[in-house]
1. I'd like the full set of residues that are buried (at least 20 other Cβ atoms within 10 Å of the Cβ) and either in a helix (DSSP H, G or I) or touching a residue at least 60 places away in the same chain (Cβ under 8 Å) (or both), limited to the range 310-324.
2. Could you give every pair whose Cβ atoms fall below 8 Å, whose first residue belongs to the range 277-298 and is under 11 Å from ASP147 (Cα atoms), and whose second residue is aromatic (Phe, Trp, Tyr) and modelled with pLDDT of 95 or more, counting only separations of at least 6 or pairs across chains?
3. Specify which of the listed residues (LYS162, LYS191) is among the charged types (D, E, K, R) and modelled with pLDDT of 95 or more.
4. Please determine, by comparing only the residues of the range 270-309 that are more than 22 Å from SER25 (Cα to Cα) and of a type in the set (Val, Ile, Thr), which one is surrounded by the fewest Cβ atoms within 10 Å (Cβ to Cβ).
5. From GLU174, GLU219, grab the single residue that is over 30 Å from GLU288 (Cβ atoms), under 21 Å from the mean Cα position of the chain (by Cα) and among the acidic types (Asp, Glu).
6. State yes or no: is GLY297 part of a helix (DSSP H, G or I) and of a type in the set (Gly, Ala, Ser)?
7. Only one residue in LYS263, LYS302 is over 19 Å from the mean Cα position of the chain (by Cα) and without any contact (Cβ under 8 Å) to a residue 60 or more places away in the chain, so which one is that?
8. Looking at the range 259-279, is at least one residue in a helix (DSSP H, G or I) and among the charged types (D, E, K, R)?
Amino acid sequence: MKPLFDLGVLPIRHRTNRGFKPHVSLVFNAGKRLTFSVDTTNSRSQQPDAYLITHAHSDHHGKSAMLSEKAVCSEETARALEILYGREYAGRTFRVGETVNICGVDVKTYPTHHTIGSCAFYWENDVGTRILVTGDVKEAKDLPKCDCLVTEANYGDPDDPKCHFRDDINAFNEAVESCGDIAFGAYAFGKAQRAVRLLRESGYSGEIGMEPMSRALTEGLMANAGALVNLEDNCGVRITTPGEIPGLAAAKKFILTGRRDYKFPTINISDHMDVNGLIGMVKSCAPEAVITYHPGGHRPLKLAAYLNKSGVYARALDEINTVIGI
């Protein structure tokens with residue numbers, strides 16, 4: 001891993017009795033030797049200097065890291081974590097776009113437009129390497145150039161047709177306009193709030209029925225959500241989790257997703273970029289080295305392989321053999 005070594009960045013994976021702790025820790029020098037753990041679970045031993053929480057989705061393990069005083073995340077992410085898990089966030093917060101001092105290092109934050117409060121972290125080490133950790137990304141327009149990029153690869157397989165898509169906002173609007181009794185299946189955090197925003201942007205001003213967690217998150221995070229009511233109330237539009245859609249009474253039902261394995265009609269609304277967006281982000285950020293760290297499976301490997309063929313040094317997390325047992 002010579003390019004990363006030359007850049008002064010050492011990625012580390014943590015092994016437990018149950019396998020590896022997602023996702024990755026970065027060791028670097030910035031006046032002193034530091035370790036920043038990215039979206040990983042709280043460790044009972046070998047504590048890092050900081051836990052960088054990019055957003056509040058459960059697969060980014062804020063449930064345990066949020067309980068550490070070493071956690072750092074945006075104000076909105078902290079609020080979402082508290083609503084989701086009913087526990088008080090113990091770490092530090094900032095507003096997305098601010099620069100926060102972490103262990104003596106000035107870390108800039110940038111919006112990734114994935115969920116409300118989601119952000120990327122950017123800092124420099126002693127040798128001047130610009131390190132950018134994105135978390136999940138919906139839009140990369142605000143992200144800066146960097147030397148070392150650590151990024152998701154949710155839809156990172158260039159050869160998979162499922163990884164090539166565009167949001168179908170027109171289909172969403174047409175569905176709303178065509179029926180006064182409609183239900184959308186959307187995950188409680190992220191997709192549900194985006195559905196509310198799309199409804200309001202389409203001109204829909206009526207009440208929106210939501211299941212309890214979706215409603216709590218929406219009311220807690222959105223200032224312009226409009227009138228929200230319980231799912232059982234008399235209203236024309238409802239938003240609930242995909243799992244509750246089958247038992248919900250509605251004239252028309254849709255799942256907001258890019259997946260194709262649902263029995264109900266789907267509308268392609270994703271909180272991620274497709275593979276073309278990911279490749280475009282790499283070109284725009286122009287790093288010397290890339291680490292694809294999320295999710296598990298083959299897609300990070302596929303994206304890393306494509307980038308290597310394109311002349312960009314890249315490694316998937318599964319290819320990193322610097323391992324520490326805990």
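1. Residues satisfying the conditions are ARG315, ALA316, LEU317.
2. As it stands, the answer is GLU288/TYR313; ALA289/TYR313; VAL290/TYR313, since those pairs meet every condition given.
3. Details: LYS162 fails: modelled with pLDDT of 95 or more.
Result: LYS191 is the single residue among LYS162, LYS191 that is among the charged types (D, E, K, R) and modelled with pLDDT of 95 or more.
4. Once the filter is applied, the top-ranked residue is ILE279.
5. Working: GLU174 fails: under 21 Å from the mean Cα position of the chain (by Cα).
Answer to the check: GLU219.
6. Spelling it out, it is not the case that GLY297 is part of a helix (DSSP H, G or I) and of a type in the set (Gly, Ala, Ser).
7. Values: LYS302 fails: without any contact (Cβ under 8 Å) to a residue 60 or more places away in the chain.
Of LYS263, LYS302, the one residue that is over 19 Å from the mean Cα position of the chain (by Cα) and without any contact (Cβ under 8 Å) to a residue 60 or more places away in the chain is LYS263.
8. no
The values are calculated or read from the model by the stated rules, or taken from the named source; none is laboratory data. It should be emphasised that the depicted structure is a prediction, and the values quoted were computed from it without experimental measurement. Heads up, the Cβs are rebuilt from the backbone with ideal geometry, glycines too, and the neighbour counts pull from every protein chain shown.
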